[in-house]
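Notes to accompany the following structure.
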């Protein structure tokens, strides 16, 4: 067991604990993996302590090569030194924000039983429109959601999407989804800002298509939530 | 702003892949080290059935006992090879284990409850392709040449294991961490490539191409390689394309991704020779492509 390998393994253990403690794990992975990741950090540190006391040169593993050490140090440097950030609206543009039905959001028949529409998340609304795509049947229903502002070129100038990433596993599979909002006569908030949107659904024309859109009574800037993704 | 945000997204994806993979990587090396402690010498090879087909099938089944991602399987496969398991059988294990296990079957079913046939095709095709590649490699006259030259010599298991429990535990820890660091450096490179392609190549570019029965299979297979998503969760991602892409292309994505992606290939290169990895990649790609086309034309 070489010193370098030991230090690297311990540093990874420490990094996982740091990412857990700082709340940054929620920017990277699904909450279901948070506890396994914490345990992994603890196990890595425990193994490093055990291995440090092992009689020297008992391991068949050669010391890691200098390029391997550089490669392994890179994520540690990025993770420890840069302020952790969730995926940005630029990534949303890259991936294309889904506004209508999104396949992976399942909508079992009884998903909304006993829930008031004001408590729906953006993902719940996507499910609701998947279960019943007819815009007029949602008209007048109250909406209260929060997300970041995304400007879609294909929508009219006074429309924006209030958006979130849906994460299944980790940031690599994050899929942005969004609900259209029409600020009639006004300018949409700056792209990328986090906002809380309150209003009701109404039916409008966009690009020659009848669509449901939120007519807001209030669009309030808010701080980015600690868990910015939906699951 | 655009570019700094893009760089930041790249970092987030990069760290996301690494953080997501580390627990599976650790689980894999722990299983690998436990195997090293529990199984001495050539014994494991002795446990396997004698016949060629039977031993390859047994190894495909062994994969079912290790519900870990491809990054966790490579250390196990490497251990198998150094323990005297035939090279072809180790490759069967490596190809089948990521997708042919209970966790993946369950997550795929959860994603495709409406289309359980997708689960059946995924497991069946994975088994068939892995076994086919194994049979192909098993006819090689000098199997040792299929391996990377160093792998056979790097493991020195000759010395006696420490008598005490703590001694054994310390050695276990040292071995696991050594293997963890070795595999980890490759994982970092794979994660970097996955993050770079995901931030620099717009997904829409890949997607706008793929609607036809042939091109959709090619596109989804490419996507599987580019995304390098863990096999326990890739079914949910495939589901995002369920409305627009052909069934054959979805199955191809689910079968091909766990076997061949950037991360898996880099890890495979630590055990097998570059020629073997290239051959296996080509054969698997062709087989999965044809199976995907078959589904689209004959069933879908």
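What follows draws every value from the coordinates through simple rules; no lab data is involved. The shown structure was predicted, so the numbers you read here are calculated from the model rather than taken from an experiment. Every residue, glycine among them, receives a Cβ derived from its backbone with ideal geometry; neighbour counts consider all protein chains shown.
Quick notes on this one:
- Each of B:148, A:210, B:142, B:122 was scored by other Cβ atoms within 10 Å of its Cβ. Listed from fewest to most, they are B:142, A:210, B:148, B:122.
- The stretch A:89-221, relative contact order [Cα under 8 Å, separation at least 6], %: 26
- Angle between chain A longest axis and helix A:34-52 axis [Cα atoms, degrees, rounded to 10]: 10
- Evaluated at q = 0.19 Å⁻¹: base-10 log I(q)/I(0), Debye formula over Cα of the stretch A:89-221: -1.12
- Normalised contact order of the stretch A:125-182, rounded percent, pairs of Cα under 8 Å and 6 or more residues apart: 26
- Calculated FRET efficiency, residue A:206 to residue B:200, Cβ-Cβ distance, R0 = 30 Å: about 0.45 to the nearest 0.05.
- Per-residue average of Cβ from other chains inside 10 Å of A:155-168: 1
- Counting neighbouring beta carbons within 10 Å and listing from fewest to most, the residues A:76, A:6, A:161, A:42 come out as A:42, A:76, A:6, A:161.
- For the stretch A:3-81: rounded, prolate or oblate by the Cα gyration tensor [a/c cutoff 1.5]: oblate
- When each of A:153, B:286 is scored by the number of other beta-carbon atoms lying within 10 Å, the sequence from fewest to most is A:153, B:286.
- Computed over the stretch A:3-81: relative contact order in percent, which uses C-alpha pairs under 8 Å that are six or more apart: 48
- Difference of contour (0.36 nm per residue) and Cα-Cα distance, residue A:77 to residue A:115: 9.2 nm
- A Förster radius of 25 Å, combined with the Cβ-Cβ distance separating residue A:85 from residue A:158, puts the computed FRET efficiency at roughly 0.30.
- Taken residue by residue and averaged, Cβ atoms of other chains lying within 10 Å of the Cβ of A:77-86 number 3.
- Per-residue ellipticity at 222 nm from helix content only, as computed over chain A with -39500 (n - 2.57) for each DSSP H run of at least four residues, stands at -10000 deg cm²/dmol.
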